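Engineer: Could you have a look at this structure, given as structure tokens, before my questions?
The values are calculated or read from the model by the stated rules, or taken from the named source; none is laboratory data. Fair warning: this is a prediction, and the values are worked out from it, not measured in the lab. Positions of Cβ are backbone-derived with ideal geometry, glycine not excepted, and every protein chain shown enters the neighbour counts. When the accessible area is computed, the model is the full protein with side chains, heavy atoms only, and any ligands, DNA or RNA have been set aside. Shrake-Rupley method; radii C 1.70, N 1.55, O 1.52, S 1.80 Å.
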Amino acid sequence: MQSGIPLASSLGFVSQGFSEAGPINFMKRLQSHIESGLELHVAMSKEPGIDRAHIQLIKAGELSGNLDGVLMRLSEHLETRRSLLRNIRSALNYP
């Protein structure tokens, strides 16, 4: 977002960074929805398994003109959550 690349193009670039079909297909579907004129929060609401709170945060970011900031904070939150879950799983597996 900060680089000025359109969102649909960004999703296409991001999809190239994955090797598994699931994330690639997810990004391509989002890209297709965006190219057809949907807002990001609407496109994401069409995907199963996306947290409704995250969709509402993205909607607020779009409406306020601060989508890049919201996406950055959401990314940081998800990474912290993933790290915490990894640590918990590791601790549970420790004999």
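Engineer: Please specify each residue of the range 1-36 satisfying the condition of being among the β-branched types (Val, Ile, Thr) and closer than 24 Å to Gly65 by Cα. Give the derivation first.
Structural biologist: To start, the set of residues in the range 1-36 that are among the β-branched types (Val, Ile, Thr) comprises 5, 14, 24, 34.
Matches in the range 1-36: Ile5, Val14, Ile34.
Engineer: In addition: Could you please let me know if Ile34 is surrounded by 10 or more Cβ atoms within 10 Å (Cβ to Cβ), within 20 Å of Pro6 (Cβ to Cβ) and not hydroxyl-bearing (Ser, Thr, Tyr)? Let's see the steps before the verdict.
Structural biologist: Working: surrounded by 10 or more Cβ atoms within 10 Å (Cβ to Cβ): yes; within 20 Å of Pro6 (Cβ to Cβ): yes; not hydroxyl-bearing (Ser, Thr, Tyr): yes.
Yes.
Engineer: Look at the range 37-54 and say how many of its residues are of a type in the set (Asp, Glu) and open to solvent by less than 50 Å² (accessible area, probe 1.4 Å). Spell out the reasoning first.
Structural biologist: Taking the range 37-54 first, the residues of a type in the set (Asp, Glu) are 39, 47, 51.
Subsequent filtering for residues that are open to solvent by less than 50 Å² (accessible area, probe 1.4 Å) retains 47.
The number of residues fulfilling the criteria is 1.
Engineer: From the list Ser15, Ser10, Ser19, which residue is of a type in the set (S, T, N, Q), touching a Lys or Arg at 6+ places or on another chain (Cβ under 9 Å) and modelled with pLDDT under 95?
Structural biologist: Ser15
Engineer: Determine whether the range 1-24 contains at least one residue that is touching a residue at least 60 places away in the same chain (Cβ under 8 Å) and in contact with an Asp or Glu (Cβ under 6 Å, 6 or more places away or on another chain). Steps first, answer last, please.
Structural biologist: Within the range 1-24, the subset touching a residue at least 60 places away in the same chain (Cβ under 8 Å) is 1-2.
From the residues that got through so far, the ones that are in contact with an Asp or Glu (Cβ under 6 Å, 6 or more places away or on another chain) too are 1-2.
Checked against the condition, which is being touching a residue at least 60 places away in the same chain (Cβ under 8 Å) and in contact with an Asp or Glu (Cβ under 6 Å, 6 or more places away or on another chain), the range 1-24 yields at least one hit.
Engineer: Further, regarding this structure: State whether one or more residues within the range 80-95 are surrounded by 16 or more Cβ atoms within 10 Å (Cβ to Cβ) and either within 13 Å of the chain's Cα centre (by Cα) or of a type in the set (Ser, Thr, Tyr) (or both).
Structural biologist: Going residue by residue through the range 80-95, those that are surrounded by 16 or more Cβ atoms within 10 Å (Cβ to Cβ) are none.
No, the range 80-95 has no match at all.
Engineer: Return yes when Ile55 is within 12 Å of the chain's Cα centre (by Cα) and of a type in the set (Val, Ile, Thr) and no when it is not. Steps first, please.
Structural biologist: Details: within 12 Å of the chain's Cα centre (by Cα): yes; of a type in the set (Val, Ile, Thr): yes.
The answer is yes for Ile55.
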